[in-house]
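Here, each number is a calculation from the coordinates, and none is a lab measurement. Since the model is a prediction, treat every value here as computed from it, not as a measurement. Cβ placement follows ideal geometry from the backbone for every residue including glycine, while neighbour counts extend to all protein chains displayed.
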Amino acid sequence: MNDNLALTQSDFGIACKKAAKLTQSCADAVIVQPGISPLPRLLALADRFRALVRRNLVFALIYNVVALPVAASGMVSPLLAIGAMLLSSGSIALNTWLMSNNPLTRSEDGSFPS
């Protein structure tokens with residue numbers, strides 16, 4: 001019970017399955033297996049998601065800094081501007097889909113962890 005405040009204020013908190021329900025609800029992740037063996041997989045997954053978010057932000061930044069002003073100035077046709085927007089949104093959606101199909105995001109039985 002005394003870990004709740006620390007888990008809430010931390011950047012990322014992990015609780016064990018045997019912890020109190022309140023402690024589990026304050027944590028960002030709950031380890032349901034005995035021991036700490038899932039930690040390397042959890043940290044690898046966090047690194048992959050961080051890289052995905054950065055990649056998506058770069059795509060969005062490039063589009064907003066380069067393509068939007070060019071399209072607004074009328075230097076390209078509206079059809080080309082729409083294509084650039086679709087490419088930007090599509091690349092972000094593709095990155096997210098690829099991450100959701102990553103083996104690290106699935107349990108050993110192939111389902112998504114709850």
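Averaging sequence separations of C-alpha pairs under 8 Å and six or more residues apart, then dividing by the length of the chain, give the relative contact order as a whole percent. The normalised contact order for the chain reaches 18 percent. Between LEU43, LEU61, LEU79, the residue with the greatest mean-square fluctuation in the GNM of the chain (Cα pairs under 10 Å linked by springs) is LEU79. Charges were assigned to the Cβ only: +1 to each Lys and Arg, -1 to each Asp and Glu. The resulting dipole of the range 38-108 about its Cα centre is roughly 180 debye.
Against the chain, whose longest principal axis is taken from its Cα atoms, helix 39-62 shows a tilt of about 20°. Over all other residues within a Cβ to Cβ distance under 15 Å of LEU22, the charged ones net out to +1, with Lys and Arg as +1 and Asp and Glu as -1.
Computed from Cα positions, the angle between helix 78-100 and the longest principal axis of the chain comes to roughly 20 degrees.
Provide LEU5, LEU45 in ascending order of the number of other Cβ atoms located within 10 Å of each residue's Cβ, fewest first.
With the sparsest Cβ surroundings first, the list reads LEU5, LEU45.
Given the alternatives (1) 13, 30, 12, 8, 8, 9, 8, 7, 3, 0; (2) 12, 29, 24, 17, 12, 5, 0; (3) 11, 29, 32, 21, 6, 1, P(r) over Cα pairs in 10 Å bins from 0, in percent as computed for this entry is given by (2).
Here the gap between ALA93 and LEU5, fully extended at 0.36 nm per residue and compared with their Cα-Cα distance, gives a gain of 28.1 nm. Across the range 27-34, rounded Karplus estimates of 3J(HN,Hα) from the backbone phi angles (6.51 cos²θ - 1.76 cosθ + 1.60, θ = phi - 60°) give 7, 7, 9, 10, 7, 9, 8, x Hz, Gly and Pro being marked x.
By the count of other C-beta atoms within 10 Å, a proxy for reagent exposure, THR23, THR96 are ordered fewest to most as THR96, THR23.
For VAL30, the residues 5 or more places off, or on other chains, whose built amide H falls under 5 Å of its own are ALA15.
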